[in-house]
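Trainee: Structure in structure tokens, see below.
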Amino acid sequence: MTGPDARPDAVGGPVSVPGLARAAGERGAPIPGRPWATARLERPVAWRLERARWLLALDAPLIVDLPFGDFRVLQRGDALELPAGLDVRVQPVRDAVTALWHDDPA
């Protein structure tokens, strides 16, 4: 609802995505009430993607190692769509990166 009839209680409170990611570590944690997850990555992590995944590097560069020796580097704020069925390895370029992702429910 928008305009003068919108209720102030319809707006939720803020969520600290970096704070949630730090608390969750590399295993990740869901964003409360949303289909997104976040993790603080400090070393390489391997993923087997059962579903297509939309991946976002929030605060630092992130390397996505793809099959057959290919890779992508996501700079801070960059996003990448990855297809289902892929085996990938993600890792920070420097010390750590906060990653945010969403798996396609289809």
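Trainee: List every residue pair whose Cβ atoms lie under 6 Å apart, where the two residues are 6 or more positions apart in sequence or sit on different chains, the first residue falls within region 22-34 and is over 14 Å from residue 44 (Cα atoms), and the second residue, located anywhere, is part of a helix (DSSP H, G or I).
Mentor: 29/20
Trainee: Sticking with this structure for a sec: Which of the following residues is over 23 Å from residue 15 (Cα atoms) and part of a loop (DSSP other than H, G, I, E, B): 85, 77?
Mentor: Result of the check over 85, 77: 85.
Trainee: Hey, can you tell me all the residues within region 9-63 that are in a loop (DSSP other than H, G, I, E, B) and of a type in the set (S, T, N, Q)? Outline the logic, then answer.
Mentor: Going residue by residue through region 9-63, those that are in a loop (DSSP other than H, G, I, E, B) are 11-16, 28, 31-35, 42-44, 49-52, 58-61.
Hit for region 9-63 is 16, nothing else.
Trainee: Under the condition of being open to solvent by 70 Å² or more (accessible area, probe 1.4 Å) and touching a helix residue (DSSP H, G or I) at 6+ places or on another chain (Cβ under 9 Å), which residue from region 31-60 is modelled with the lowest pLDDT?
Mentor: 32
Trainee: Let me ask another. When you scan region 68-106, how many residues do you find that are open to solvent by less than 40 Å² (accessible area, probe 1.4 Å) and in contact with an Asp or Glu (Cβ under 7 Å, 6 or more places away or on another chain)?
Mentor: Pass one, region 68-106, residues open to solvent by less than 40 Å² (accessible area, probe 1.4 Å): 74, 80, 82, 86, 88, 90-92, 96-101.
Those left that are additionally in contact with an Asp or Glu (Cβ under 7 Å, 6 or more places away or on another chain): 88, 92, 96-98.
Within region 68-106, residues that are open to solvent by less than 40 Å² (accessible area, probe 1.4 Å) and in contact with an Asp or Glu (Cβ under 7 Å, 6 or more places away or on another chain) number 5.
Trainee: Does any residue in region 85-96 that is of a type in the set (Val, Ile, Thr) come within less than 9 Å, Cβ to Cβ, of a residue that is part of a loop (DSSP other than H, G, I, E, B) and open to solvent by less than 40 Å² (accessible area, probe 1.4 Å) six or more places away or on a different chain, and which pairs are these?
Mentor: 88/49; 88/66; 93/60; 93/61
The values are calculated or read from the model by the stated rules, or taken from the named source; none is laboratory data. What you are looking at is a predicted structure, and each value in this text was computed from that prediction instead of being measured. Positions of Cβ are generated from backbone atoms using ideal geometry, with glycine treated the same way; all protein chains shown enter the neighbour counts. Protein only, heavy atoms only, side chains kept; ligands, DNA and RNA dropped before computing areas. Shrake-Rupley method; radii C 1.70, N 1.55, O 1.52, S 1.80 Å.
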